[in-house]
Amino acid sequence: MENNINRPDIMSMTKDELRQYLTQKLDLPKFRADQIYEWLNKGVGFEGMTNLPKALREKLANELFCSLPEIEEKFVSKIDGTVKYLFKLYDGNIIESVVMHYSHGNSICISSEVGCNMGCRFCASTIDGMKRKLLPGEMLGQIARANADGADISNIVMMGIGEPLDNFDNVIKFLHLVTSENGLNIGARHISLSTCGLADKIYELARESFGITLSISLHACDDATRSEIMPVNKKYNIEKLLTACKDYFITTGRRISFEYTLIAGKNDSPDQAHKLADLFYKYFTADSKLLPIHVNLIPVNEVKERDFKTSSRDAVNKFAEILNKRKINATVRRKLGPDINASCGQLRRSYEQKKTDTLLDTKGSRV
Ligand code: SAH
């Protein structure tokens, strides 16, 4: 049976919605919803629901759509065990997820869109723009499939391909699904969402009252530099962004995390470290010993289509030292999965490229 997107997506339903659909539309008893919901959250599609009669599995496949992605390829780092999945979506589009192992548990970095429209100059995910937004079930499905593959996920970071706040309604539905005690039941404190800075959506997110950790891709301490590397800054400048962050902190009580990608000669000087510290003091007053923020310093991953160079070890350490001396909690991010191209968007691109090259070889023209 063809998986038809025009039907309701079972993977994007809450358990109550599923129960209602099954009892009212398909005239099924309630316990079927329990069985089916459990399968979906274990990353199993209709065909694998072995405690359902075959006729019922076929009926479900005829009436509903299932957005659960398929594992297309899997890469395991020999260095640190980091796993990268290329998932194939129902329409053939490819996205990436990365599973990382920490002492506090396993964490998955999931994608929220196919490609991205934000245009950050250093990022591989945005090079061909955004093809489409992911459904809530496609975000949940990345975790469910990874778990089915043995990942045992306890933490989620929405920091893969796409801008989650550009896909706001589906992300909110996903957060309801994944935090639900009927579902994977992952606590909001174990979830973080990274944004390039869509300030108006940050206010809305605060009012959804999940209390997830907000990560801001800041990457610069002044508007001129930020606008040059992140076009979104022309719409929401640093002042608008940090005012929204302050509101998020006041409304949710959650410490904000800032990402700062260090690019040689662009944003990595000691002077810029001091300006960054000044900025944080301006918005997050230091009445306690430490500001309610954390800064992740990330030496930029060189992307072959972009000409940014990564900062030297010295520049990175100096930058961290200045922030720490000014009582700003800053750490340099450990690079995981260096042998499997684990950073954002690069693998999807090389996969798409390979596909195109193969097609060019056999057919002689681009399709
Ligand atoms: N759109 C969201 C989430 C996806 S990007 C956001 O902007 O936050 C996830 C993180 O990876 C962001 O902090 C982004 O700025 C960073 N990133 C993208 N390309 C990178 C690169 N080449 N090197 C280092 N970090 C990069």
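The values are calculated or read from the model by the stated rules, or taken from the named source; none is laboratory data. From a predicted model like this one, the values you see are computed outputs, not experimental measurements. In this analysis, Cβ positions are derived from the backbone assuming ideal geometry, glycine residues included, and neighbour counts consider all displayed protein chains. Please note that ligands, DNA and RNA were not included when accessible areas were found on the heavy atoms of the full protein model with its side chains. Shrake-Rupley method; radii C 1.70, N 1.55, O 1.52, S 1.80 Å.
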Restrict the check to the range 144-151 and report whether at least one residue is within 16 Å of the ligand (Cβ to nearest atom), in contact with a Lys or Arg (Cβ under 9 Å, 6 or more places away or on another chain) and either assigned to a loop (DSSP other than H, G, I, E, B) or open to solvent by 30 Å² or more (accessible area, probe 1.4 Å) (or both).
no
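Tally time: how many residues in the range 294-312 are under 20 Å from Arg349 (Cα atoms) and near the ligand (Cβ under 8 Å from one of its atoms)?
Here is the first cut: in the range 294-312, the residues under 20 Å from Arg349 (Cα atoms) are 300-309.
Applying the additional criterion that residues be near the ligand (Cβ under 8 Å from one of its atoms) yields 300-303, 306, 308.
Summing the residues that are under 20 Å from Arg349 (Cα atoms) and near the ligand (Cβ under 8 Å from one of its atoms) in the range 294-312 gives 6.
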Report, by residue number, each residue of the range 152-162 that is touching a residue at least 60 places away in the same chain (Cβ under 8 Å) and either away from the ligand (no atom under 16 Å from the Cβ) or open to solvent by less than 10 Å² (accessible area, probe 1.4 Å) (or both).
Ile161
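In the range 76-93, what residues are under 26 Å from Pro338 (Cβ atoms) and open to solvent by less than 30 Å² (accessible area, probe 1.4 Å)? Spell out the reasoning first.
Taking the range 76-93 as the starting set, the residues that turn out to be under 26 Å from Pro338 (Cβ atoms) are 76-88.
Ser77, Gly81, Thr82, Val83, Lys84, Tyr85, Leu86, Phe87 - these are the residues of the range 76-93 that are under 26 Å from Pro338 (Cβ atoms) and open to solvent by less than 30 Å² (accessible area, probe 1.4 Å).
Could you tell me whether Lys240 is over 16 Å from the mean Cα position of the chain (by Cα), basic (Lys, Arg) and more than 14 Å from the ligand (Cβ to nearest atom)? Outline the logic, then answer.
Numbers: over 16 Å from the mean Cα position of the chain (by Cα): yes; basic (Lys, Arg): yes; more than 14 Å from the ligand (Cβ to nearest atom): yes.
For Lys240, the condition - over 16 Å from the mean Cα position of the chain (by Cα), basic (Lys, Arg) and more than 14 Å from the ligand (Cβ to nearest atom) - is met.
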Check off (1) of a type in the set (Asp, Glu); (2) surrounded by fewer than 19 Cβ atoms within 10 Å (Cβ to Cβ); (3) in a helix (DSSP H, G or I) for Asp128 and give me the number that stays unchecked.
(3)
For the range 100-125, what are the residues that are within 16 Å of the ligand (Cβ to nearest atom) and assigned to a strand (DSSP E or B)?
Met100, Ser107, Ile108, Cys109, Glu113, Val114, Gly115
Cβ-Cβ under 8 Å, sequence separation 6+ or interchain: first residue in the range 170-197 and assigned by TED's automatic domain parsing to the domain that holds Leu134, partner of a type in the set (Lys, Arg) and not in a loop (DSSP other than H, G, I, E, B). Which pairs?
Asn170/Lys133; Ser180/Lys15; Asn182/Lys15; Gly183/Lys15; Thr195/Lys201
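In this structure, is Ile340 in the same structural domain as Lys266 (by TED's automatic domain parsing), more than 16 Å from the ligand (Cβ to nearest atom), open to solvent by less than 30 Å² (accessible area, probe 1.4 Å) and at pLDDT 70 or above?
Numbers: in the same structural domain as Lys266 (by TED's automatic domain parsing): yes; more than 16 Å from the ligand (Cβ to nearest atom): no; open to solvent by less than 30 Å² (accessible area, probe 1.4 Å): yes; at pLDDT 70 or above: yes.
So Ile340 fails the test.
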So Glu259 ticks every box in (1) within 11 Å of the ligand (Cβ to nearest atom); (2) assigned to a loop (DSSP other than H, G, I, E, B) but one. Which box is left unticked?
(2)
